[in-house]
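To keep things clear, I will list the structure first and then write my remarks on it.
Derivation of every value follows stated rules applied to the coordinates shown; laboratory data play no part. Everything quoted here is computed from the prediction, not taken from an experiment. Every residue, glycine as well, gets a Cβ built from its backbone with ideal geometry; the counts of neighbours run over all protein chains shown.
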């Protein structure tokens, strides 16, 4: 039972890192970035390719961070001309990018599932309240918690965060007071993508890297974002923790129906609160 | 709600010409149907089979176009109903009977029921939420197919589906299978076309263009969206039963995300809202994936991904849009 709760927390913090980027990009640019899962997969393959030592792990982390920033900036530039078009067009564009990236990764790393080892000293296990548990997953919970606090503080307490929130709320007004909001949106897209690729590296020892993983994690992140409410950091955190627990418990208690448990949670939230737990009413149906 | 009924009279393809010939459109329709029907007489079996696959995928794309183009509901999980129909038709063919109308009806019914079970939640949402929800539903169905080994064969796929039989005689020849698929395709296409042309279809277009106004003038828009979602699910299931009849094998990718995305690509290439455009788009997708894919080392997806990106920038209204602009008519 405790193991399951801890697993849920570990998956939850991974999902938070993944979903908060997706959520901010959507809230900010009104773009549903379906390439988010492919970015995660890129990070996961990097993690697998360099796994086994601290040097390798940090190298993978560095490459993934830079790659994520660049990919986010490029995606931001690609979606900019589509601002006035429908969500479907933006989704198709990012979907196309996702396919290209995923196929290139398969060409580069092969069809077979790869596994990534946790860095030395974290690959053992420790005893928590009488239960043996992998150290790496505990670290993952810690990293998720730190990142959650950091993202929350940046968005809620700093000038940059205020700018981001203002752009989410009213883009034209921000432009009127003399701020180049293209820069803000590109930066948010880049940081969101960075979070996706680094989540891939962090998630390597849990999920491994295999073709099709991009779709799996994209769906999980979308469910988190829908449950939490689009564009809300707090929503992404709560949604990720809920889905982490629901998914893990579902796999333990009803292994055959685990995916239905997930869908049932989604349906329940949407019936009770269509805009998500922390979404504003304006987020729904307006566009 | 709206179950698809009355299977085709197989064999007599040209007899099922769906549209009242009206000027050029009618003539072109007749010519296209005759050419499609004559194909097995002239082409090699492999080319015929490719064309048959195109027809299967085209019917699936047409059912999706009814949602995306006509009603304005962009679904990324439509393969769930296509795959459900394919599995149902395959299972019925193996365990009950492969006699002609039965697998078709089973596929269509299961597709419609699956859409009815999941549709009530999707039609409550709009725009990007609809995209996400359908994506989540599609993935759920995919995982269900993966775990429900005893019925679907899990990761191995549903193997050993017998040939479709008509009046007791199995259709083993690729040409006969082609005529069977063509007949059902024409029936399905005609059904979707009639729905799109009916007052119901006009109301759907109204919902696409301005749902609050449609609600204001008294249309129960949620009910309409639910009805068309279930109907499109049924037609997708019908197309799935054709897949089971043609390939005689149903695998996990058939119900997966890629299939749904490719169908959406077919619709968008053809120009959302244009049913014949969706068929052309389906032809392109199948040709790239099945005919060109092997020569690219199985990386047809890479090419299709690039096509996605190009279509968004270069063909904002699809192939049908290009034609309309050049002719200057609507």
Checklist entry - What Kirkwood radius, in Å to one decimal, follows from the Cα pairs of segment A:13-99? => result 13.8
Checklist entry - Using 14 Å as the cut-off for backbone N distance, which residues of segment A:137-159 belong to the label zone defined by a point 7 Å from the Cα of residue A:125 along Cα→Cβ? => result A:137-138
Checklist entry - Highest mean first, what order results for A:47-59, B:102-114 on Cβ atoms within 10 Å? => result B:102-114, A:47-59
Checklist entry - How many percent of the alpha carbon pairs in segment B:225-303 exceed a separation of 17 Å? => result 56
Checklist entry - Which percent of the Cα-Cα distances in the protein assembly as shown go past 38 Å? => result 32
Checklist entry - What is the calculated FRET efficiency for residue A:104 to residue A:182, with r their C-beta to C-beta distance and R₀ = 35 Å, to the nearest 0.05? => result 0.80
Next on the checklist: Can you give me the angle between helix A:36-49 and the longest principal axis of chain A, using Cα atoms only, in degrees from 0 to 90, rounded to the nearest 10?
Outcome noted: 40
Checklist entry - Anyone know which of A:208, A:96, A:144 comes out most mobile in the 10 Å Cα GNM of chain A? => result A:96
Checklist entry - Which angle between 0 and 90 degrees, to the nearest 10, do you get for helix A:135-157 versus the longest principal axis of chain A when only C-alpha atoms count? => result 20
Next on the checklist: Averaged over its residues, how many other protein chain Cβ atoms are within 10 Å of peptide B:136-149's Cβ atoms?
Outcome noted: 5
Checklist entry - Can you give the three extents of the C-alpha atoms in segment B:79-195 along their principal axes, from longest to shortest, in whole Å? => result 47, 38, 20
Checklist entry - For chain A, modelled as a Gaussian network with Cα springs under 10 Å, which listed residue fluctuates most, A:151, A:31, A:271? => result A:271
Checklist outcome for this item: Partner shielding of A:216-223, as the mean number of partner chain Cβ atoms within 10 Å, equals 4
Item to check | Taking chain A and dividing mean pair separation by its residue count, relative contact order in percent (alpha carbons under 8 Å, at least six apart) | outcome: 37
Checklist outcome for this item: Residue separation between residue B:34 and residue B:209 times 0.36 nm, minus their alpha-carbon distance, gives in nm 59.4 nm
Checklist outcome for this item: Taking N as the number of residues in segment B:50-107, the ratio of its alpha carbon radius of gyration to 2.2 N^0.38 Å works out to 1.29
Checklist entry - What spacing in nm lies between the two simple spin-label points modelled at residue B:169 and residue A:252, each 7 Å away from Cα in the Cβ direction? => result 6.2
Item to check | On Cα atoms only, tilt of A:258-272 relative to the major axis of chain A in degrees | outcome: 30
Item to check | Inter-label distance for residue A:59 and residue A:272, nm, one decimal - labels placed 7 Å from Cα along Cα-to-Cβ | outcome: 4.9
Item to check | Under 15 Å from the residue B:117 label point (7 Å along Cα→beta-carbon), backbone N, segment B:146-164 | outcome: B:146-152
Item to check | Fraction of the pair-distance distribution of segment A:60-100 above 11 Å, Cα-Cα pairs, percent | outcome: 67
Item to check | Diffusion coefficient, µm² s⁻¹, Stokes-Einstein with Kirkwood Rh over alpha-carbon pairs of segment B:84-153 at 4 °C and 1.567 mPa s | outcome: 98
Item to check | Residue-averaged beta-carbon neighbours from other chains (10 angstrom radius) around B:307-314 | outcome: 6
Next on the checklist: Could you order the peptides B:209-215, A:215-221, A:194-200 from most to least packed, using the average number of other C-beta atoms within 10 Å per residue?
Outcome noted: A:194-200, A:215-221, B:209-215
Checklist entry - For chain B, modelled as a GNM with alpha-carbon contacts under 10 angstrom, which of B:197, B:205, B:165 fluctuates the most? => result B:197
Next on the checklist: Treating only the Cα positions of chain B as identical point scatterers, give the base-10 log of I(q)/I(0) from the Debye formula at each q in 0.14 Å⁻¹.
Outcome noted: -1.10
Next on the checklist: As an exercise, take the mean of 1/r over every pair of distinct alpha carbons in segment A:153-213, invert it, and state the Kirkwood radius in angstroms.
Outcome noted: 13.5
Checklist entry - Along the principal axes of its C-alpha atoms, what lengths does segment A:2-284 span, in descending order and rounded to whole Å? => result 58, 43, 35
